[in-house]
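**Student:** Quick one: the structure is below, questions incoming.
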Amino acid sequence: MNTVPQLASNLTGGRPEYLNITHTMDKSFLFRRRAIEFLLIAVGITSASIGLKGFLLPNHFLDGGVTGVSLLVNHVTGWDIAWLIVVINAPFIWLGYRQISSVLAIKSILSIIAFAIALYFIEIPILTNDKLLIAIFGGIFLGAGIGFSVRSGAVIDGTEILAIYLGKKFRTTIGTIILIFNIILFIIAAMVIDVEVALYSILTYLVASRTTDYIIHGIEEYIGVTIISAKSEEIREAITEEMGYGLTIYQGKRGYKKMPHLTAEIDIIHTIVTRLDLRRIHTLVESIDPQAFMVEYNVNDTKGGVIKKKL
């Protein structure tokens, strides 16, 4: 799955102090946290099992990543998908143990074994024979399963671990490595199985990736906005009072030396808005200061503070 850099944060515990603060936490809080994690893993395994056995496996459709490799090997050799999921994931989990986190590795091993057991013992009927529905709903169920597992701090598809490791080693993005991996996989699928199946499998992968993103990040995407303007106080008031968003103000200094009068100190506004409100904040800032300088970037997740208050 192409789950972008936030995945690395989830898999490594999210915060650098993740492994150092557990001794200070209340035991009941830790119990609730672990219970929620195991519940998410159970939901993820159930969803992924439905996606594989109810849609993809009977129709020889693939997904990306280790799951796609397992499905391809199953098609060629007839070996049981449950054992293939465990065997093919094993080197990736070992890599995660050595390079990322022992907690990640242990939780992922347990999740993958539970996933394999579910695939082996649970019988799920073929839910449809329509190829388009197979690609779409197979991708939704499988993507949701992977997304719920990642939210719990584990994986049931080890491709992301390889991508994190290679991304650090070769200084490239996780998404690029996963994309290259899957391009190679789908080319092989086109040669071994069928071009049409490979094309439907690409659709499955795209749907699964997007579903995973929704599960991890939420449907409502956040955008970070930095605003530099001589009318920062008016903009601040408009954002907080008219739009209801919280914000942070930094003290800055202009650095454009060719225009000395612009080097005075200035307030820099930083806020987080939803993508749905992005156009509105553009209009608001431009109405106050058409010369305002704005920088935008995607925000994977937010915790604490106030994003938006009800008006």
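The values are calculated or read from the model by the stated rules, or taken from the named source; none is laboratory data. Quick caveat, the model's predicted, so the values are computed rather than measured. Using ideal geometry, Cβ is built from the backbone for each residue, glycine included, and neighbour counts are taken over all protein chains shown. These area figures cover heavy atoms from the full protein model, side chains too; ligands, DNA and RNA do not enter into them. Shrake-Rupley method; radii C 1.70, N 1.55, O 1.52, S 1.80 Å.
**Student:** Through the Karplus equation 6.51 cos²θ - 1.76 cosθ + 1.60, θ set to phi - 60°, convert the phi angles of region 125-132 into ³J(HN,Hα) values in whole Hz; use x for Gly and Pro.
**Tutor:** x, 5, 8, 6, 10, 6, 5, 5
**Student:** Can you list the aspartates and glutamates whose alpha carbon sits under 14 Å from that of K27, skipping same-chain ones fewer than 8 residues off?
**Tutor:** none
**Student:** Give the aspartates and glutamates reachable from K131 as a straight Cα distance under 17 Å; neighbours fewer than 8 places away on the same chain don't count.
**Tutor:** Reachable aspartates and glutamates: D63, D194, E196.
**Student:** For the pair D80/I180, report the inter-label distance in nm, with labels modelled 7 Å from Cα in the Cβ direction.
**Tutor:** Reported label-point gap for D80 and I180 is 3.6 nm.
**Student:** Rounded to whole Hz and in sequence order, give me ³J(HN,Hα) for region 155-171 from the Karplus expression 6.51 cos²θ - 1.76 cosθ + 1.60, θ = phi - 60°, writing x for Gly and Pro.
**Tutor:** Per-residue couplings from phi come out as 9, 10, 9, x, 4, 4, 5, 4, 5, 4, 5, 5, x, 6, 6, 10, 6 Hz.
**Student:** Might you work out the accessible area of M191 for me, using a 1.4 Å probe with all protein chains in place, and round it to the nearest 10 Å²?
**Tutor:** Approximately 140 Å² of M191 is accessible to the 1.4 Å probe.
**Student:** Note down the nm distance, to one decimal, between modelled labels 7 Å out along Cα→Cβ at E296 and at F29.
**Tutor:** Simple spin-label model gives 3.7 nm for this pair.
**Student:** For K168 and I122, calculate 0.36 nm times their separation in residues minus their Cα-Cα distance, and state this gained length in nm to one decimal.
**Tutor:** 12.7 nm
**Student:** Cross-link candidates for K231: which aspartates and glutamates have Cα within less than 14 Å, leaving aside residues fewer than 8 places away along the same chain?
**Tutor:** Once the sequence-local aspartates and glutamates are set aside, what remains near K231 is E265, D267, E286, D289.
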